[in-house]
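The values are calculated or read from the model by the stated rules, or taken from the named source; none is laboratory data. This structure is a prediction, so every number in the text was calculated from the model and none was measured. Positions of Cβ are generated from backbone atoms using ideal geometry, with glycine treated the same way; all protein chains shown enter the neighbour counts. For accessibility, only protein heavy atoms count, side chains too; no ligands or nucleic acids. Shrake-Rupley method; radii C 1.70, N 1.55, O 1.52, S 1.80 Å.
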Amino acid sequence: MALKAIRAGVRNEAGITAAKQELAARFGDRLQTGEAIRAQHAHTTTYIPAQLPDAVVFAESAEEVREIVQIAARHKAPLIPFGTGSSLEGHINAPHGGISVDLARMNRVLEVNAEDLDCRVEPGITREELNTYLRDTGLFFPIDPGANASIGGMASTRASGTNAVRYGTMKDNVLALTVVTADGREIRTAHRARKSSAGYDLTRLFVGAEGTLGIITSITLRLQGIPEVISGGVCPFPTIEDACNAVILTIQSGIPVARIELLDALQMKACNGYSGLSYAETPTLFVEFHGSAESVELQSRQFGEIASEFGSTGFQWTTNPEERARLWKARHNAYWAQKSLIPGAAILSTDVCVPISRLADCVAATQEDSVAHGLTAPIVGHAGDGNFHVGLLFDDTDAADVARAEAFVERLNARALEMDGTCTGEHGIGQGKMPFLEAELGDALDLMRQVKRSLDPDNIFNPGKIFA
């Protein structure tokens with residue numbers, strides 16, 4: 001990743017101005033052009049510089065999204081969909097200028113089909129809002145990326161998170177979408193059936209498209225029953241290799257672990273300091289099991305036996321909800337804990353994913369790299385699927401430090417690709433990962449560009465993302 005890759009695109013000044021005027025006439029004060037609100041709708045989560053949109057329009061219905069798209073299409077003005085702004089790779093920046101389409105007010109649950117374990121929601125609802133709504137039905141939506149992201153944003157970036165080892169990612173849990181396309185039509189990609197062989201899988205095309213092919217107006221989601229009992233635990237290990245090998249054997253043994261998170265020693269130090277914990281500052285697994293009282297106890301005991309084979313002597317687990325909540329709150333606050341290691345430092349949060357058989361090799365090599373170059377780079381990962389994150393701290397006002405950080409990220413991505421992995425397991429491409437996607441997919445990128453040109457010939461949907 002290099003800042004030189006984050007550049008401005010060609011602006012259609014006349015088209016943007018005309019679209020702003022028409023949108024203002026239609027939406028009144030729901031079109032905002034103040035600098036402060038435009039800044040809130042540009043990238044601020046990591047050190048990628050913000051590129052502000054020219055205006056922000058607040059949509060409240062699918063019909064309004066259609067109108068917005070039709071107006072923008074007439075004037076060939078860029079549109080950047082916006083959920084909560086929690087993405088990490090510059091997805092909501094406006095390198096070509098244009099209009100940010102804020103979907104936060106489209107946050108209704110449209111239907112819940114409890115017997116079929118599915119629901120349909122608008123894109124602006126967050127995962128926490130959805131699970132609060134679902135609580136009385138005995139169901140929940142399991143995908144948990146940590147941030148309280150919008151469901152539309154999670155679908156657009158093909159998000160996953162701590163529960164992915166058991167429940168899969170967004171691509172596994174989205175049954176259907178409605179999407180407004182570049183010609184202003186709202187299409188439905190599928191129905192609620194759990195399986196289908198009907199034509200191209202358009203649902204999977206739009207899931208992960210990062211808003212570059214259309215704007216999602218509703219999402220049909222697969223739900224799960226709330227487990228009878230949940231147990232969580234903390235398990236320290238002598239080395240990263242020991243922890244990763246315990247993960248591999250756990251998965252190979254068929255133990256249905258719901259979460260199995262890896263934190264290296266530096267990350268444990270950060271979590272202890274930030275969240276007021278007192279765990280051993282060694283490589284550690286946070287684990288969770290879902291099921292009946294009997295099954296959860298059995299799974300926890302089986303995991304403990306595996307952990308002991310790899311040198312762990314301190315596995316602690318509990319079914320107490322308050323203790324579990326404290327544990328997972330600390331895990332979800334890992335980003336802020338990382339920042340607390342060097343107050344005032346910039347942070348570059350990046351992720352890669354490798355086959356789990358290579359996870360120990362990749363993490364160990366990444367740690368050695370950071371030490372060799374004098375970098376502070378705590379690691380936390382979704383160990384059950386080989387995905388890990390590095391929170392790289394550096395001085396973004398020092399050109400030499402920026403260069404060291406960017407070189408480290410380049411080596412990290414090259415290392416993952418050499419191990420038959422990917423440059424991103426869940427963050428998506430956005431702007432920050434564009435150079436690595438070409439290295440990963442090569443000529444397949446040309447096919448992606450053809451799809452983009454076919455569905456969005458005037459390049460109005462989130463231009464400057466995924467590929468140039």
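What is the Cα radius of gyration of the chain over 2.2 N^0.38 Å, N being its residue count? It would help to have the intermediate numbers written out before the result.
Working: Rg = 22.3 Å, N = 468, 2.2 N^0.38 = 22.8 Å.
Expressed relative to 2.2 N^0.38 Å, the Cα Rg reads 0.98.
Hey, how many Å between the Cα centroid of segment 245-300 and the Cα centroid of segment 34-77?
Centre-to-centre distance over Cα atoms comes out at 40 Å.
In nm, what is the difference between 0.36 nm times the number of residues separating Thr17 and Asp446 and their Cα-Cα distance?
Values: separation 429, 0.36 × 429 = 154.44 nm, distance 3.20 nm.
Separation in residues times 0.36 nm, less the Cα-Cα distance, equals 151.2 nm.
Against the longest principal axis of the chain, how steep is helix 13-27, in degrees 0 to 90 to the nearest 10, with axes from Cα atoms?
Helix 13-27 sits roughly 90 degrees off the main axis of the chain.
At a Cα cut-off below 20 Å, give the lysines reachable from Lys329, other chains included and same-chain residues fewer than 8 away excluded.
Lys269, Lys339
Probe radius 1.4 Å, ligands and nucleic acids ignored: give me the carbon and sulfur share of the accessible area of segment 276-362 as a rounded percent. Spell out each step's value before the answer.
On the way: 2040 of 4020 Å².
It is 51 percent, rounded to a whole number.
Quickly work out the Val109-to-Ile37 label distance, labels modelled 7 Å from Cα along the C-beta direction, and quote it in nm with one decimal.
3.0 nm
Suppose all protein chains stay in the model; what accessible area per residue would a 1.4 Å probe give for segment 170-235, in Å²? Each step should come with its number before you reach the end.
On the way: 2820 Å² over 66 residues.
Here the residues of segment 170-235 average 43 Å² of exposed surface.
Out of the trypsin sites (Lys or Arg not before Pro) in segment 129-209, which ones are loop residues according to DSSP with at most 10 other C-beta atoms within 10 Å? Please list the in-between numbers first.
Working: sites: Arg135, Arg158, Arg166, Lys171, Arg185, Arg188, Arg192, Arg194, Lys195, Arg204; in loops: Arg158, Arg185, Arg192, Arg194, Lys195.
Sites meeting the loop and neighbour criteria: Arg194, Lys195.
Keeping every protein chain in place, order Ser156, Ser308 by accessible area at 1.4 Å, biggest value first, i.e. largest first. Spell out each step's value before the answer.
Details: Ser156 25, Ser308 70 Å².
My answer, sorted largest first, is Ser308, Ser156.
Give the range of the longest stretch in the chain that excludes all chymotrypsin sites (Phe, Trp or Tyr not before Pro) found in loop regions by DSSP and having at most 16 other beta-carbon atoms within 10 Å.
Details: sites that count: Tyr200, Phe467.
Counting only loop sites that pass the neighbour cut-off, the longest clear stretch is 201-466.
List the lysines whose Cα sits under 24 Å from the Cα of Lys195, skipping any in the same chain fewer than 8 residues away.
Lys171
Ignoring ligands, DNA and RNA, what accessible area per residue does segment 353-455 give at 1.4 Å, in Å²?
Working: 4120 Å² over 103 residues.
Using a 1.4 Å probe on heavy atoms only, each residue of segment 353-455 averages 40 Å².
Accessible area per residue of segment 53-166 at 1.4 Å probe, in Å²?
Details: 3740 Å² over 114 residues.
Accessible surface, normalised per residue, equals 33 Å².
Just going by the charge dipole of segment 178-303, with Lys and Arg at +1 and Asp and Glu at -1 on Cβ, which of Leu205, Ser300, Gly232 is farthest out on the positive end?
In segment 178-303, that residue is Leu205.
Go ahead and run the numbers for FRET between Arg194 and Phe467, Cβ-Cβ distance against an R0 of 25 Å, rounding to 0.05.
Details: r = 33 Å, r/R0 = 1.32.
The calculated FRET efficiency here is 0.15.
Mind pulling the per residue volume of the convex hull built on the Cα atoms of segment 1-147? Å³ is fine. It would help to have the intermediate numbers written out before the result.
Values: hull volume 19.0 nm³, N = 147.
Here the figure is 129 Å³ per residue.
How do Val10, Val257 rank by accessible surface area computed with a 1.4 Å probe, from largest to smallest? Spell out each step's value before the answer.
On the way: Val10 125, Val257 5 Å².
My answer, sorted largest first, is Val10, Val257.
Percent of accessible area on segment 8-120 owned by carbon and sulfur, 1.4 Å probe? The partial results should precede the final answer.
Values: 2200 of 4620 Å².
Result for segment 8-120: 48 percent of the exposed heavy-atom area is carbon or sulfur.
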